[in-house]
Amino acid sequence: MQNKKVILPLDIYYDHLQVINGIEFTPREIEIISCLLNGRMNAIPRFLSISSRAVEAHTRNIRQKASGLHSHEDIVNFVKKSEKFSLIKNEYYLSLEIRIHFEKILKTSFKKIGTEPLDCFIIYGQQATKIPSFIPSLKEHLKCAGFKIEKSISEEKANKNKIQNAVGSSPSFITYLLCIFPEELKLSELENKFNEKFILQEEKTNIEEYKKDFNYINLQKNLNYYSSFFEILKKLLPNFNFDKIISDFEDEYKKKEGFTESKLLESKIPKVALTESKSENWFAYASRRYLIAAFFVAGFIGCGYLALQWYQNLRIPSIQSDLIIPTESVRLDRPELIAQIDENFKGKGGIQIVALIGMGGAGKTILARQYAHLQKAAIIWEVNAKTLQSLKTSFENLARSLAVTEEDKKFLDVLQEFKKSDQREKQLIQFIKDRLKASENWILIYDNVDKMADIKSYFPIDVKTWGQGKIILTTQDSTIKNNSLLNHTIQVGELSDKQKLALFTKILREGKPFYSIELEKTKKFLKEIPSFPLDVNLAAYYLKATSISPENYLGRLNHHHKDFESVQQDLLKGAGEYTKTRYDIITLTIKQLIGTQRDFADLLLFISLLDSQNIPRELLDKYKGNIIVDNFIYNLKKYSLITNESLSSSLGSCLFIHKSTQEICLHYLLKVLNSKKNEHLISSIANSLQDYMTTIVDEEDIPRMMNLVTHCEFFLSHHNLLSSEIKELITGELICIYFYLGNYKKTLLELEKIVENLNRYKGKNHIRVAYLFAHLGRVYRELGDYKKAKQLLEQSLIGYEKYLPENYDGKAKVLMCLGNVYMSLGNYKEAQNILEQSSIIYKDHFSDKHISIAQVLTYLGYTHRVLGNFEKAKSLIEESIKIHKKHFSEDHIGFAWILVHLGSLYRELGDYDKAQNLIKQGLQIYKKHLSEDHTFVAWASAHLGSILKELGDYDKAKNLLMRSLKIYRKHLTENHNFIAWASILLGKVYGQQNNFQEAKNLLKNSLRIYENNYGKDHIETARILRNMGCVYLLEGNLETGEAYLRNALEIFKRNNHYESYVVLENLADLYLKKSGQEVNKKDSQQRKTCENQARGCLKQALEIVETYFPANSPHIKRINNTIKSISN
């Protein structure tokens, strides 16, 4: 059988059968068509060793590509119209039968041996790629014979030190190394990596250049592939008897011997330099051989050069590479992008370059081909720029197509004999340049460009040497936008919902529309699918081939099962549009990223645990440092994994990645990382996340809090990856953020549970627990539960003093919060004492803690204001404002809080206009950062309503206070002090508008709340009593009004509180009203008594005001004027 000429099915396919009647088919589809032509439909699964479903899917694809085919008979008739009918039915099918029998014998024979698979590493020279079927067939048949192919790479890659990395991921020792047609292979550093090393070559002329321990397999004497393969096996397995295997195969082969007489091209081992035996003596010495070869080549080059000069004046006939696009029945047209490409090229001379940028599966290649199909250029050629080898092969094929004369073809043949690849490459490129320049116009598509630097010498730049033309470049690298060579870039992004539905409908239902109920379900399903052509194609083909429900498909998509991926890959091969699934694309990218920098694995895991949108860049910086993150983001952009990027003053830089990318990334990383490393990484990530949360909570950075909520919730959703401790600590931080954002329902839902759980970790994580107790105490205070707030804060303070005595920052924060609780309890002197301690710590140890110092000063100002020390209060709050202005923007939410406090102080001082302006500013800041129904907005609105009431604008005041009360009731319980406070202010307005019943209802309810929360002898209770008295006074019920006012006055006096002056003024008004009534009764004595009572109250009030307020206070002026009016 050795000297018989045979041909492999793949060779027939590549030479003759890729396109039938203008439509491209895959090798597997041609196999099925051949079986159909021979009446073997039912036997196809067994014959080709594939499933019935796969056969159905491929058959369906054949029908869809050649639209209008509805049955097997239609397919047969379609092929009969082609001149290739006989070839597919006869020669190709016979070749297929022999190959399948060959593989069956290999599998059966070596299965009986039962040995472990033998590792094999393959390196092949350029000559081995001349016949496309050789390396794939060799690999496949070695697998059939029980070998495990660790890796196969080209010699060019091996010589660029990439082999070391490839071998490094393989077992410690690889059994076999096969070097196929090596030319300049360098393997010194790998000498001890392989147990057995073989060189497969046609002659032994340069074997001495390699290591002496290489075994030589001579392929020269074997003229067909199968006998050559048996020769290889004999060398690899010298102890195995192949006689029976070879005999069985030869018996089957002889039955098909008629096939060997085919006049088609034979499938031989690629030739290096076939020479006759008599020539070998003539070229005995290397020096003489090279000298003669040099003269020989030089002669041909000279002739070639003269030919080139003559052919430059010729017009090159139109040529076009196979630009395969899906048939119209399954193709999605994107006219808006086609128009954009056309617009960028329109009316421009020279060499114009447009880059199509997008992630894998976005449809860049098909889009470029669609545009090219619409053009009338003389030369349209697609260059596979994925690797340097594929680039060279594409250029060699282009050169062959451009060779229109025998002289051109001879010149290219001579180039193949060049020993030095750089000289061969240079001459080849020059050959193409000359012919492109001679053409009127040309279009080149550079597909899958990775790095521009790698293709530089093959890339047209200079119009003087290349001529005028257009280049469409497709790439995943979004950083390529910065390349100065590009004229335009177009982002090929996601499909719209309408486009997704159109493509899905074309494939799944062959263009027939869905019914209304099905349509809604389909739209819902498509929202869960990545919005790229690859993913929509794959979903449609999978559902069509397997008939599973969309729900089941989504379930399989999320679990990334190996068998599911395998079916997807088969479907893609059958469809012919894409070669990799989404999972394949992403995992390959992840491997490349991790290989670039080991820290990238940690960062990829981090972003996979967060929400896919608005990922804060500064969070990643906190984890790994900005230099590493710079590099990380650059590499994400290289593979178009970042779908968007935003930069804002409130959030900083944020990244967006696709949800499917994130899911695949997490699944892959968890699979490749061991469990202990997972635990360590996730703990490290959680710590960074907690630190970032702590920072933004301390700085009261509301925009960043709002953005971080979804990230924290998404992080916590990975229950199976997080320890209980991590869950509790992150949840505790999240509760603080919920509270700041006004989400009290979620705050209350988690609060009780988290406090109980955190107590378990006090002994393990002192800092975190003490910190969280402090913040949770603050939350309880705002929710009105002062007892729990005080308890938690005191526990936190004990924790800092016992375990963390030098953590002054934490201790100062706790004291500040505790002082605030004492203020809420009405113990202002104790609050002032505690806040002073906090202030001293900050000033002594943390002069740079600007926001904390500003907060403490404002709280202290508040206590001084309540205790009547207005000048000191004003001084402290104004100092707080100076600090804030110096270190933060004037629209910071903390600045709003200080402004409202200062406005309240000016209200107490009687400067209502200034108070109004300050509180309005604060309210505007709150509304800028927070929702309209946030409690901070309610707080500022209530203060503003109080000022407007004093200014007599009762309608505006009422609207603001009603809105404020509504917000409080939405978030807080009915017994909360803030509800009582807002009700008091609204009740005062109702009183002024003579709506006395509504006013009394609100005030009585507030009195009940205050007496319950503060006690009956508290100044807050006294304030409500005073307001109740005022309402009765306005109503004319002087007796009841006086009783309420007298009760309020007693409480203020017992507490030695300055607000006694307000009650005294109210009593003076009451007595003056009584005096007026006595005038009507004409009882002068009683009238004088009432006036004296009023005058006495006012003098007491004046004495208090002069004690507490400055000399220019409007209160002093007002009271003096009232006294004078009584005297007159």
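The values are calculated or read from the model by the stated rules, or taken from the named source; none is laboratory data. Quantities reported herein were computed from a predicted structural model and do not represent experimental measurements. Because the Cβ atoms are built from the backbone with ideal geometry, glycine has one as well, and the counts that use them run over all protein chains shown.
For the range 421-477, the set of residues classified as acidic (Asp, Glu) and over 17 Å from residue 372 (Cα atoms) consists of 422, 425, 434, 450, 454, 462, 477, listed by residue number.
Looking only at the range 577-610, filter to residues that are closer than 30 Å to residue 324 by Cβ and of a type in the set (Val, Ile, Thr); which one of those is modelled with the lowest pLDDT? If you could, list the steps in order and put the result at the bottom.
Of all residues in the range 577-610, those closer than 30 Å to residue 324 by Cβ come to 577-592.
Those still in the list that are of a type in the set (Val, Ile, Thr) too: 579, 581, 585-587, 589-590.
On the way: 579: 76, 581: 85, 585: 87, 586: 88, 587: 86, 589: 88, 590: 88.
Only one residue tops the list, namely 579.
Per this entry, residue 528 is not counted among residues that are free of Cβ contacts under 8 Å to residues at least 12 places away in the same chain and either exposed (fewer than 14 other Cβ atoms within 10 Å of the Cβ) or not assigned by TED's automatic domain parsing to the domain that holds residue 338 (or both). For the range 15-59, the set of residues classified as out of contact with any helix residue (DSSP H, G or I) (no Cβ under 9 Å at 6 or more places or on another chain) and closer than 16 Å to residue 95 by Cα consists of 15 only. Of the numbered criteria (1) in a loop (DSSP other than H, G, I, E, B); (2) crowded, with 21+ Cβ neighbours inside 10 Å, the one residue 548 fails is (2).
Among the residues of the range 524-551, those that are under 23 Å from residue 662 (Cβ atoms) and of a type in the set (D, E, K, R) comprise 524, 527, 528, 535, 551. Note on the range 884-895: residues that are assigned to a helix (DSSP H, G or I) and either of a type in the set (Asp, Glu) or crowded, with 19+ Cβ neighbours inside 10 Å (or both) amount to 4.
A quick yes/no check of all residues on (1) surrounded by fewer than 20 Cβ atoms within 10 Å (Cβ to Cβ); (2) modelled with pLDDT of 95 or more; (3) assigned to a helix (DSSP H, G or I); (4) not assigned by TED's automatic domain parsing to the domain that holds residue 1108:
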{"position": "897", "(1), (2), (3), (4)": "no, no, yes, yes"}
{"position": "906", "(1), (2), (3), (4)": "no, no, yes, yes"}
{"position": "918", "(1), (2), (3), (4)": "no, yes, yes, yes"}
{"position": "933", "(1), (2), (3), (4)": "yes, no, no, yes"}
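Criterion applied to 470, 464, 512, 506 was being of a type in the set (D, E, K, R), assigned by TED's automatic domain parsing to the domain that holds residue 336 and either without any contact (Cβ under 8 Å) to a residue 60 or more places away in the chain or in a helix (DSSP H, G or I) (or both), and the one residue passing it is 464.
For residue 1000, are the conditions met, namely being of a type in the set (D, E, K, R) and either under 27 Å from residue 783 (Cα atoms) or crowded, with 23+ Cβ neighbours inside 10 Å (or both)? In short, yes. Would you check which residues across the range 764-798 are without any contact (Cβ under 8 Å) to a residue 24 or more places away in the chain and within 39 Å of the chain's Cα centre (by Cα) and list them? Once the filter is applied, which keeps residues that are without any contact (Cβ under 8 Å) to a residue 24 or more places away in the chain and within 39 Å of the chain's Cα centre (by Cα), the range 764-798 yields nothing.
Might you check whether a residue that is under 20 Å from residue 586 (Cα atoms) and not in a helix (DSSP H, G or I) occurs anywhere in the range 532-545?
Filtering the range 532-545 down to residues under 20 Å from residue 586 (Cα atoms) leaves 532-539, 542.
From what's left, not in a helix (DSSP H, G or I): 532.
Checking the range 532-545: at least one residue is under 20 Å from residue 586 (Cα atoms) and not in a helix (DSSP H, G or I).
Considering (1) buried (at least 20 other Cβ atoms within 10 Å of the Cβ); (2) at pLDDT below 90; (3) over 23 Å from residue 860 (Cα atoms), the lone condition that residue 945 does not fulfil carries the number (2).
Filtering the range 439-453 down to residues that are modelled with pLDDT under 90 and surrounded by 17 or more Cβ atoms within 10 Å (Cβ to Cβ), which residue is farthest from residue 468 (Cα to Cα)? Write out each step before concluding.
Here is the first cut: in the range 439-453, the residues modelled with pLDDT under 90 are 439-441, 450-453.
Now restrict to residues that are surrounded by 17 or more Cβ atoms within 10 Å (Cβ to Cβ): 439, 450, 452.
Values: 439: 9, 450: 24, 452: 20 Å.
Among residues in the range 439-453 that are modelled with pLDDT under 90 and surrounded by 17 or more Cβ atoms within 10 Å (Cβ to Cβ), the one farthest from residue 468 (Cα to Cα) is 450.
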